[in-house]
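Visitor: Dropping the structure in here first, questions after.
The values are calculated or read from the model by the stated rules, or taken from the named source; none is laboratory data. All of these numbers come straight from a predicted model, not from anything done at the bench. No Cβ is skipped: glycine too gets one built from the backbone with ideal geometry, and neighbour counts run over all protein chains shown. With ligands, DNA and RNA removed, areas are computed over all heavy atoms of the protein, side chains included. Shrake-Rupley method; radii C 1.70, N 1.55, O 1.52, S 1.80 Å.
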Amino acid sequence: MCKLRDCSVCECSENEFPEPFRKPYSGLSPDSMMCQEGKPQAAVDKTLDSKVFKRWVETDNPWTSDDETDNNEMTYVNLQLNPERYTGYTGDSARRIWDAIYKENCPKYPSEELCHEKKVLYKLISGLHSSISVHIAYDYLLDESTNSWGQNLSLLYDRVLKYPERVQNLYFTYLFVLRAVTKAADYLEQAEYNTGNPEDDLKTESLVKQLLYNSQLRSACPLPFDEAKLWQGENGPELKQEIQKQFRNISAIMDCVGCEKCRLWGKLQVLGLGTALKILFSVDGDSHLNQPLQLQRNEVIALFNLLNRLSESVKFVHEKGSSVEEVINEQSPSTVQKGASKTNLKGLFGYSQYTWIGWD
Ligand SMILES: Cc1cc2nc3c(=O)[nH]c(=O)nc-3n(C[C@H](O)[C@H](O)[C@H](O)COP(=O)(O)OP(=O)(O)OC[C@H]3O[C@@H](n4cnc5c(N)ncnc54)[C@H](O)[C@@H]3O)c2cc1C
């Protein structure tokens, strides 16, 4: 279980809600819930104003287990106040969740008999797992007594860099999500980014366009992932349904994460992956291939946040990858001897961050 107060999520009080999300005359008393991060007390009205969702079509995502249309189940959280970082969530509880995800959903990996599609599912999860570990290493509680936070390069090495496959899977997941975002460019450009603050809204629209039509990104990486190669076999539709069910199962497991902040980011990022899957592989298992794309507001938020998390992870790994071994060597030579050789690491980080990584 979590050791830190820091694992709890600081939910927004009514007056922090963007204006269009507010429900008139609602709101809990300011002291009805103590924000456990030492930040101002926060009370949450779990009802989001349905007016806000008026122009967002209500549509379910077959890849995820949550009912994205049930606004009563939602609460509003400022992600900037709740950064993804070390929370102290370790031990059996955390391990059981990862075990459940890998054993129940990708049990045979890396068996050669496994079809491409199942390997893709495994790599997406492993890549997300790597990214979570990278963020823990990037923002770690170095000294609890002085509350000093900083980078933990040994952890980065021990959990991610030492295993070239985990780094590859991180890149893979990043490219997969990047492909989904670029594929949905027309939709994402038109989407309504309404926070009630005209300045923020204009800025968001401009940033979204910069991302979607970034010429450097487009020329460096015209097709980050080729989704057309999947589901081509005779049993493609059945396989898609099977994998959809497995991913829904993973999405449901996120509700069992016993640390609030980890659950927040776990659910958000799994929803982001589910959104990427929905964009790349149509809306339903088989019969609605040509149906126009429709996303929920939360799916768009999850998709962009996931891309941000993954790209930050790739950046950190790219920056530290080739030098971290020397740093750790100086700190504790014995840790490094057990790991990958220098040549391996250098070779690995020779990848451009936009390089295509095959899924075989
Ligand atoms: C959904 C979720 C979100 C979390 N978010 C946070 C968070 O925000 N902050 C925080 O401090 N903790 C978080 N945790 C806990 C964190 O992920 C670790 O479980 C915890 O730090 C203990 O790490 P560990 O070294 O025991 O190995 P774990 O990371 O728990 O890994 C368990 C096992 O999985 C395998 N494994 C590890 N990485 C990979 C990979 N990339 N690909 C394939 N297999 C792998 C290894 O065999 C490893 O022993 C989260 C856990 C979950 C389940």
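Visitor: Note the full-extension length gain between D200 and E234 as 0.36 nm times their separation in residues minus their Cα-Cα distance, in nm to one decimal.
Guide: 7.4 nm
Visitor: Going down the table (K119/K278; K103/K240; K183/K229; K119/K209), which pairs top 22 Å between alpha carbons?
Guide: Too far apart for the 22 Å limit: K119/K209.
Visitor: Separate question: For a quick check of understanding: with a 1.4 angstrom probe and all protein chains in place, what accessible area in square angstrom does T75 have, to the nearest ten?
Guide: 50 Å²
Visitor: On to the next question. Determine how large the accessible area of L223 is when every protein chain is in place; take a 1.4 Å probe and give Å² rounded to the nearest 10.
Guide: Counting only protein heavy atoms, L223 exposes about 80 Å² to solvent.
Visitor: Could you state the number of Å between the C-alpha centres of region 152-172 and region 191-257?
Guide: Their Cα centres are 23 Å away from one another.
Visitor: Related question: Test of the criteria: in region 122-161, which chymotrypsin sites (Phe, Trp or Tyr not before Pro) are in a DSSP loop and have at most 10 other Cβ atoms within 10 angstrom of their Cβ?
Guide: Sites meeting the loop and neighbour criteria: none at all.
Visitor: Considering only protein heavy atoms, with the full assembly of protein chains and a 1.4 angstrom probe, order K203, K119, K315 by accessible area, largest first.
Guide: K203, K315, K119
Visitor: Then there is this: Calculate, for N308 and D226, the FRET efficiency according to 1/(1 + (r/R0)^6) with r their C-beta to C-beta distance and R0 25 Å; round to the nearest 0.05.
Guide: 0.60
Visitor: OK, next. How far, in nm, would the chain grow between N15 and Q294 when pulled straight, counting 0.36 nm per residue and subtracting the alpha carbon separation?
Guide: 97.4 nm
Visitor: Next question, about the same structure. Rounded to the nearest 10 Å², what accessible area does L293 show when all protein chains are kept and the probe is 1.4 Å?
Guide: Using a 1.4 Å probe on the heavy atoms, I get roughly 50 Å².
Visitor: Fully extended, how many nm does the chain gain between S323 and Q190 (0.36 nm per residue separation, minus their Cα-Cα distance)?
Guide: So the chain would gain 43.7 nm between S323 and Q190.
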